[in-house]
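The structure appears right after this line, and notes come after that.
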Amino acid sequence: MTAPTQQPDVGWDVVRLAEATPKALSERASAELERAQQHQPLLSDLTSVRSKAVTHSANNRARLERLADHVLPGDTVVEIGCGEGYVATRLLQADAGRYSAMDIVPEHAAVTRAVLEEQGLTDRIGTIAEKDLYDLAPEDLADATFVVCSEVIEHVPDPEAALEAIGRALPDDAQLLFSVPLLNKLEKVWDHLSIFTADRLADMLERAGLEAHHVEPFVGQWVLVLAGPRGTAGSRGAARLAQVRAAAEHLPAVDVPEDFTPVPPQPTRFDNVSLTSLEVAPLVPEPQVTVTPATDDDGVVDIDVVAGPVQATAGTTISLAQRGPVEGLRLAFEIPDVTHVTEVAVIFRRPDGAPVGRWVWTPRDTDRAKGSVAHSASLRPGAHRPPFTGPKQASIPEADRVEITVTVAGRGQGRLRLTRASWIR
């Protein structure tokens, strides 16, 4: 995918550098993270446990401060995907004049309104309603000067169509701020369905009739994109851009080497699958291994291995014959008792049996101290994939099956439970 031509200073090359060489921005990311100290987390009994965890994390506290940098006094803000009101609260605290929002989850709309009322911000609340992003219409954004869609696009099945919907509805004199995970980040979040690169984001903007005004990686976790309809930034847009840049003037400068190599083309999506749909079979005969396929009742695949006098490696094979080429596997597993387990491996094999990619997890002392473990991993070539180790490069699309094995010490036994899976494409 080739990115459209963009203004040289909007920030795409810095994002590409962050994708290819994250350490090159580590000093800047650390400085950005200091913004977390300025943010007082939202304290409300109205929000969920998950929402509280998000608002109290240092990365998200810093992110909320950076979002607030984009608000001009008196802005009419519309938030697409309002969650439980913590972004809304910070935007209004940053002197937005009016706030409206929408969310596909009706409970989120109700909680956001209740939280804002609890915070004493009732006089600046507009409509907060249940609405599907794909159904966005120009009248939904007619009065907006600033539209925010933070950490939403990666949750929808078709992010290109989502951004096009926003582009069609965005007023000519308004700007859009949206954020998505940086490449290789937050891939173990199971309701994240897409993988983004700078080139993909630039292409998405082009398709949506939008142009980037400012793009930046943030705290090594996200990409923030400020955009608007082509050629229509206007004086308010220029003032917003100046304010955003001024707020980052104290950060360490990033020099993009002329000879750095961007990342190669990447997969674009996670296809979550029901484990009941997988064709699983034991790799070795019983009684050494027993593979129990997932059922509608429990939805998990159990792999039970019993070793003789010496350690045993056994597991299951999953056919890719009806799946088409894949780029990797996102996997969640549990081991109820890690005492005798020494290794878990995920191996992609070609039709001739040759391995084309192998990822390995080895229990640590901390795992053994807990007794039971549960992990998720995004297994595809490239960056480090904790808790697994694996190859930087591998021809995964050549595979026709994937093996998942567990190694058990001599005279020991172990159970590996596969609880979730996504094909990476």
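Please treat every number below as a calculation from the coordinates, not as lab data. A quick note: this is a predicted structure, and the numbers were derived from the prediction, not measured. Quick reminder, even Gly has a Cβ in these numbers, built from the backbone with ideal geometry, and neighbours come from all protein chains shown.
Think of each Lys and Arg Cβ as +1 and each Asp and Glu Cβ as -1; about the Cα centre, that makes the dipole of the chain roughly 1200 debye. Its Cα centre serving as origin, segment 116-250 has a Cβ charge dipole (Lys and Arg +1, Asp and Glu -1) of approximately 520 debye. The peptide list 347-354, 247-254, put in order of mean Cβ contacts within 10 Å with the highest first, becomes 347-354, 247-254. Projected onto the charge dipole of the chain (+1 at Lys/Arg Cβ, -1 at Asp/Glu Cβ, origin at the Cα centre), which of Pro157, Thr261, Val219 gives the Cα projection farthest towards the positive end? Ranked along the dipole, the leading option is Thr261.
State, as an integer percentage, the relative contact order of segment 69-210 based on alpha-carbon contacts under 8 Å between residues 6 or more apart.
Normalised by residue count, the contact order of segment 69-210 is 22 percent.
The calculated 222 nm mean residue ellipticity attributable to helices in the chain amounts to -6500 deg cm²/dmol, summing -39500 (n - 2.57) over DSSP H runs of n ≥ 4 and dividing by all residues.
Taken along its three principal axes, the alpha carbon spread of segment 270-424 comes to 38, 31, 31 Å, from the longest extent down to the shortest. Once the convex hull of all Cα atoms in the chain is built, its volume per residue stands at 159 Å³.
What per residue convex hull volume, in Å³, do the alpha-carbon atoms of segment 181-225 yield?
Output value, Cα hull per residue: 70 Å³.
Treating r as the C-beta distance of Ala242 and Ser26 and R0 as 25 Å, the FRET efficiency rounds to 0.35.
Assign one of three labels to segment 68-202, namely rounded, prolate or oblate, based on the Cα gyration tensor with a ≥ b ≥ c the square roots of its eigenvalues; rounded applies when a/c is under 1.5, prolate when it is not and a/b is larger than b/c, and oblate otherwise. Note, shape of segment 68-202 comes out prolate.
For segment 12-246, report the convex hull volume of the alpha-carbon atoms normalised per residue, in Å³, without decimals.
Hull volume over Cα atoms, normalised by residue count, gives 113 Å³.
Between Asp173 and Asp298, how high is the FRET efficiency from 1/(1 + (r/R0)^6) when r is the Cβ-Cβ distance and R₀ = 60 Å? Nearest 0.05. The calculated FRET efficiency here is 0.65. Look at the dipole of segment 270-424 built from charges on Cβ: of Val406, Trp359, Ile335, the Cα furthest out on the positive end belongs to Trp359. Using C-alpha pairs below 8 Å separated by at least 6 residues, the relative contact order for segment 270-424 is 37 percent. With a Förster radius of 60 Å applied to the beta-carbon distance between Ser48 and Val310, the computed FRET efficiency rounds to 0.75. For the chain, the residue among Cys82, Thr122, Gln311 whose Cα projects farthest onto the positive side of the dipole built from Cβ charges is Gln311.
About the Cα centre, and with charges only on the beta carbon of Lys, Arg (+1) and Asp, Glu (-1), how big is the dipole of segment 275-368? Nearest 20 debye, please.
520 debye
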